[in-house]
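Heads up: the structure comes next, in structure tokens.
Where a number appears in this text, it was derived from the coordinates with a stated rule and is not lab data. Just so you know, these numbers come straight off a predicted model, no measurement behind them. In this analysis, Cβ positions are derived from the backbone assuming ideal geometry, glycine residues included, and neighbour counts consider all displayed protein chains.
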Amino acid sequence: MSMDRFTSRRGVLCGGLALGVGAFLPGAVFAQSGHRGDMRLGDFPVAGNGEVLDQIRHVATAERVIAMTFDDGPHQILTPQVLDILAARQIKASFFVIGNRVAQMPALVARIAQEGHEIGNHSWSHPHMGQLPDHAVLNQIDRTVDAVMTATGHRPVLMRPPYGDFTMPQSRMVRLARNMPTIMWSVDPQDWRRPGGFAIADHIIRHAAPGSIVLAHDTVNDTIRNLPHALDTLLAQGYRFVTISELIGFPASTYRAAARAT
């Protein structure tokens, strides 16, 4: 698999997971999760060799921390259920939202932010962005930024491409043009395949490790029904759930300036 190309998670990501982690976080400097004291606004996570990490899949840490992420929302019925489940356990998560859904349900997106969760950019219309020219990629990102800004008053500072379909040059372009890292994942239960709720929860539990980024969807009934079991099991194992920004030591969106074309 080319290291400059990431095809859809429906293809290679399950089989190539170890390759992805090893490739993008060699000798990573994240000894602990949480904000690095030396990080200034606009700084990016770096690998041990000092190279900026344009794509992030996992954080090398001995601390039992996990970032739970939800894609493709908001969903009018299921997202509030997810929020209730998280609130009951005092867990903070990261929601990568689709811009046109945000525009339809701004009050729900505002609730996500008000309850202390992180909101990331998951494009405006969920295209295969790896197939788009740069100007179209930025348009997808910018329209979603504007929708989230309208709903919450804050700009999302993290981006996740739909399907994981994004090249390394594209991630570098987005970092330079919009000051956003590309957030991928290291645990994928493929809940979009509807494998059954037990299989989804079991996959998350078995594959979770310190520094994992877990991919789920707040648009899948089985995921929501079995989410309490997955979360409670990991909590019992001593894991603590954090947002992506906390995991990678990135300044929170409230305080970090995201670049925007004028």
Residue order, fewest to most beta carbons within 10 Å, for V220, V52:
V52, V220
Sequence-separation-based contact order of the stretch 133-237, relative, with Cα cut under 8 Å and 6+ spacing, percent:
20
Listing S94, S125 from the residue with the fewest other Cβ atoms within 10 Å to the one with the most, what is the order?
S125, S94
Which value results for Rg/Rh of the stretch 115-262 when Rg is the Cα radius of gyration and Rh the Kirkwood radius based on the inverse mean 1/r?
0.98
Volume per residue of the C-alpha convex hull in the stretch 171-214, rounded to whole Å³:
80
If you average the C-alpha positions of the stretch 108-169 and of the stretch 189-215 separately, how far apart do those two centres end up, in angstrom?
23
The stretch 57-153 - Kirkwood radius from inverse mean 1/r over Cα pairs (Å):
14.2
For H135, H217, H203, which order do you get if you count the other beta carbons within 10 Å of each Cβ and list the fewest first?
H135, H203, H217
What percent of all Cα-Cα pairs in the stretch 61-110 falls in each 5 Å bin, counting up from 0?
5, 19, 28, 23, 13, 7, 4, 2, 0
